[in-house]
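Report on the structure given below.
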Amino acid sequence: MSPHNIDSIILSLLERHAREKENPPEFRERMLAMGSEGGRFVETIVRSFRPKRGLEFGTSSGFSALCAMKGALAGYSEPSACPFQLITVDFDPAKAAWARDNFEKAGVGGKIKILIQDGLEAAHKVAGPLDFVLLDASKAQNLPIFKVLLPKLSPGAVILTDNMLTHKEELREFGQFVRHHPDLSSAMYSIGNGVEVTIKLTDRLTNEVIPGDSLETFYGDK
Ligand SMILES: C[S@@+](CC[C@H](N)C(=O)[O-])C[C@H]1O[C@@H](n2cnc3c(N)ncnc32)[C@H](O)[C@@H]1O
């Protein structure tokens, strides 16, 4: 028997995503998920990079967080054996409640902490080191959030940014920043909505990594 139920929850969210495309509900009720290609990409990146401390901006239904967790859990007999921990941020309490329900049903409620907060405020609050970040909330906040997080990223950290194709103009400055920064390597992949993959380089750092309280401190006040 599977120790978690992620696959069936991801599948049901993808079905809901397809229905939403055909017959969109009111904006605040939409899941606005990364979709099947984007989700599979997140899963694959996490599965290959094996991060331990992740931070996501834009929880919504919890779809992309579950895809990340699915990648992290590969090869582990049960969720508690897997070292990956994820904090996911959304300022909408209704979305947070929806995601929490999905995380519980998937059997990974204990591994994903939801912060109900503005993204930029959360970026200031969460301590490093972080080795996985997913940016999928306010496009206008991507660059300010990234600048706050940069010193908290460990060398080799991977940052995924969604909507590089669907929000090209809004994310132009962000794309230029990550592609020209001396401590980063970054490229856009035409997968789903367009995903930027940015790596914090290990060999030439102009920023010192700022250590801080471990993410575990956030797991006590769920
Ligand atoms: C595109 S959806 C996230 C989809 C999710 N990553 C997925 O693929 O399942 C964006 C989410 O970001 C949240 N959001 C938008 N602006 C925000 C902000 N300034 N701070 C925190 N959350 C925000 C919205 O409430 C929404 O749930």
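A single entry from E20, E37 fulfils the requirement of being within 12 Å of the ligand (Cβ to nearest atom), over 17 Å from G110 (Cα atoms), at pLDDT 95 or above and in a helix (DSSP H, G or I): E37.
Out of all the residues in segment 154-185, which are among the hydroxyl-bearing types (S, T, Y), surrounded by fewer than 19 Cβ atoms within 10 Å (Cβ to Cβ) and closer than 18 Å to E56 by Cα? Give the derivation first.
Within segment 154-185, the subset among the hydroxyl-bearing types (S, T, Y) is 154, 161, 166, 185.
Adding the requirement that they be surrounded by fewer than 19 Cβ atoms within 10 Å (Cβ to Cβ) leaves 154, 166, 185.
Selection gives S154 alone.
Could you please find all residues in segment 40-63 being within 13 Å of the ligand (Cβ to nearest atom) and within 24 Å of H124 (Cβ to Cβ)?
Let us first name the residues in segment 40-63 that are within 13 Å of the ligand (Cβ to nearest atom), namely 40-43, 54-63.
Matches in segment 40-63: G54, L55, E56, F57, G58, T59, S60, G62.
Remark: E37 falls outside the filter, which requires a residue to be farther than 18 Å from Y189 by Cβ and surrounded by fewer than 20 Cβ atoms within 10 Å (Cβ to Cβ). Of the residues I6, I45, the single one that is surrounded by 14 or more Cβ atoms within 10 Å (Cβ to Cβ) and within 18 Å of K105 (Cβ to Cβ) is I6.
Can we say S12 is over 15 Å from the mean Cα position of the chain (by Cα) and not basic (K, R)?
Details: over 15 Å from the mean Cα position of the chain (by Cα): yes; not basic (K, R): yes.
Against the criterion (over 15 Å from the mean Cα position of the chain (by Cα) and not basic (K, R)), S12 qualifies.
The values are calculated or read from the model by the stated rules, or taken from the named source; none is laboratory data. A quick note: this is a predicted structure, and the numbers were derived from the prediction, not measured. No Cβ is skipped: glycine too gets one built from the backbone with ideal geometry, and neighbour counts run over all protein chains shown.
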